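Following: one structure in structure tokens, then a few remarks.
Here, each number is a calculation from the coordinates, and none is a lab measurement. This is a predicted model, so every value here is computed, not measured. Cβ sites come from the backbone with ideal geometry, for glycine too, and all protein chains shown count toward neighbours.
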Amino acid sequence: MTTPTIELKPSATPLSDAERQAILANPGFGRHFTDHMVTIRWTEGRGWHDGRLVPYAPLSLDPATMVLHYAQEIFEGLKAYRRPDGSVATFRPEKNGARFQASSRRLGMPELPVETFIEACDALVGQDEKWVPAHGGEESLYLRPFMIATEVGLGVKPANEYLFLVIASPAGAYFPGGVKPVSIWVSEDRVRAVPGGMGDAKTGGNYAASLLAQAEAAAKGCDQVCYLDANERTWVEELGGMNLYFVYGDRIVTPTLTGSILEGVTRDSLLTVARDLGYEAEEGRVSVDQWQRDSANGTLTEVFACGTAAVITPVGTVKRTGAEWQQSGGEPGEVTQRLRAALLDIQRGTAEDKHGWMHTLG
Ligand SMILES: Cc1ncc(COP(=O)(O)O)c(C=O)c1O
């Protein structure tokens with residue numbers, strides 16, 4: 001398949017330097033978008049075509065567009081960081097590109113070549129480079145590639161037309177006041193994904209399914225939901241938007257990928273970073289009863305969640321039906337903080353990138 005090139009049709013009216021600086025002074029997360037977006041079309045028989053970088057603008061969709069009815073949609077999330085020398089780099093974009101292809105296969109959508117995925121991200125970051133926050137803090141430019149079924153018509157089937165887009169949003173530090181542990185509600189009656197379902201695909205439906213459980217967690221006074229396996233309601237899977245790690249002294253364990261867990265890029269990177277730092281790092285099964293017991297007997301020394309948005313988030317209070325406990329005294333643990341700093345240093349370009357994870361632009 002030929003790779004479409006991306007034609008640059010930049011905006012004649014981008015935001016002024018002053019307007020952009022005002023946004024970058026306090027970007028929050030997902031509230032502001034850069035001046036441009038990339039779009040690439042796919043139609044049956046023709047494949048990928050019409051790659052363009054155009055001004056950021058609303059989409060016009062027929063009310064019968066298939067994605068609006070049958071949710072044939074996938075997305076990704078990755079970050080571009082400013083490096084100490086002023087250049088910009090994204091973190092392991094080829095992993096996100098490969099996961100995007102895996103999500104496409106699960107949802108019956110065409111696969112965008114990984115090199116085109118990266119080219120589209122590069123085109124947008126290159127054009128909107130001034131939107132990448134300065135080096136120094138944890139700020140970044142968050143990239144959101146996604147694809148929707150654009151065929152018009154009702155009837156459940158894979159669409160014969162798709163639109164791939166990349167948009168970008170400046171992201172402030174996740175913890176502006178210093179790293180703070182999250183509280184977790186372990187849901188024993190709602191599940192996020194089932195064996196044979198689409199839990200390992202990054203598709204909007206999984207997040208729609210998580211909203212009620214998230215509201216229930218909030219009602220219990222918790223920040224996040226932890227999901228268990230659907231069959232036995234025993235084995236810890238992940239949070240609504242982050243993977244989990246359990247720290248047993250010098251050994252860290254993350255739940256084995258079973259098909260119902262999203263394969264996080266951060267999760268994967270931490271297996272390597274942890275080994276580089278001399279920890280034992282492995283995949284395994286951890287039950288919620290074991291979590292509670294090992295926390296109480298002190299062998300489970302820390303628990304943390306990980307994902308692109310926060311990199312690493314310590315877990316503090318844990319609640320389940322009939323029980324509540326404080327992990328690590330409710331304070332960020334030493335291993336958690338060490339791993340967080342090590343990965344962030346690679347991402348921000350202040351530590352050696354010995355695994356070749358950073359993709360520098362230009
Ligand atoms: C359900 C879920 N699990 C885990 C993750 C962490 O994945 P990553 O490290 O690739 O951001 C995310 C975020 O992308 C997610 O939405």
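Here is how the number arises for the chain: DSSP H runs of 4 or more residues each give -39500 (n - 2.57), the sum is divided by the residue count, and the result at 222 nm is -7500 deg cm²/dmol.
Tell me, in nm to one decimal, what length is gained between THR299 and ASP250 on full extension, where the rule is 0.36 nm per residue of separation less the Cα-Cα distance? Spell out each step's value before the answer.
Values: separation 49, 0.36 × 49 = 17.64 nm, distance 1.07 nm.
Difference between extended and current length: 16.6 nm.
Starting from the Cα of LYS9, draw a straight line to each of the lysines and keep only those under 20 Å, dropping any in the same chain fewer than 8 residues away. Within the straight-line cut-off, LYS9 pairs with LYS130. Over region 241-294, Cα pairs under 8 Å with separation of 6+ residues give a relative contact order of 38 percent. Note down the relative contact order for the chain as a percent, whole number, built from C-alpha pairs under 8 angstrom at least six residues apart. It rounds to 18 percent for the chain. Model label sites at ASP345 and ASP289, defined 7 Å from Cα along the beta-carbon direction, differ in position by 4.2 nm. Given their separation in residues at 0.36 nm each and the Cα-Cα distance between them, TYR207 and GLU115 gain 30.4 nm when the chain is fully extended.
Would you list which lysines come within 22 Å of LYS180, measuring only between C-alpha atoms, while excluding same-chain residues fewer than 8 positions from it? Straight-line reach from LYS180, under 22 Å: LYS79, LYS220, LYS319.
Roughly what % of DSSP beta bridges within the chain run antiparallel, to the nearest 5? Here the antiparallel bridges make up roughly 80 percent for the chain.
Using θ = phi - 60° in the Karplus curve 6.51 cos²θ - 1.76 cosθ + 1.60, the 3J(HN,Hα) couplings for region 92-109 round to 6, x, 5, 5, 5, x, 5, 5, 4, 5, 5, 5, 4, 4, 5, 9, x, 10 Hz; x is entered for Gly and Pro. Under 5 Å from the amide H of GLY199 lie the amide H atoms of VAL194, each residue being 5 or more positions distant or on a separate chain, with H modelled from the backbone and absent for Pro and chain starts.
Starting from the Cα-Cα distance between ALA219 and THR272, subtract it from 0.36 nm times their residue separation and give me the gain in nm to one decimal. Can you show the working numbers first?
Values: separation 53, 0.36 × 53 = 19.08 nm, distance 3.69 nm.
Going from the current span to full extension adds 15.4 nm.
Which of the three applies to region 7-171, rounded, prolate or oblate, going by the alpha-carbon gyration tensor with a ≥ b ≥ c and a/c under 1.5 meaning rounded?
On the way: a/c = 2.12, a/b = 1.72, b/c = 1.23.
It is prolate, given that a/c is not under 1.5 and a/b is the larger ratio.
Once R0 is set to 30 Å, what does the formula 1/(1 + (r/R0)^6) return for the Cβ-Cβ distance between GLU331 and LEU361, expressed as a FRET efficiency to the nearest 0.05? Please list the in-between numbers first.
On the way: r = 38 Å, r/R0 = 1.27.
It comes out at approximately 0.20.
Taking the Cα centre as origin and putting +1 on Lys and Arg beta-carbons and -1 on Asp and Glu beta-carbons, what dipole magnitude results for the chain, to the nearest 20 debye? Present the calculation step by step, with values, prior to reporting the outcome.
Numbers: 34 positive and 46 negative charges, 64 e Å.
The calculated dipole for the chain is roughly 300 debye.
As a rough guide to protection, the peptides 116-126, 254-264 ranked by mean Cβ packing within 10 Å, highest first, stand as 116-126, 254-264. For region 9-24, the Karplus equation 6.51 cos²θ - 1.76 cosθ + 1.60, evaluated at θ = phi - 60°, returns couplings of 10, x, 5, 7, 10, x, 4, 6, 4, 5, 5, 5, 4, 5, 5, 5 Hz by residue, with Gly and Pro reported as x.
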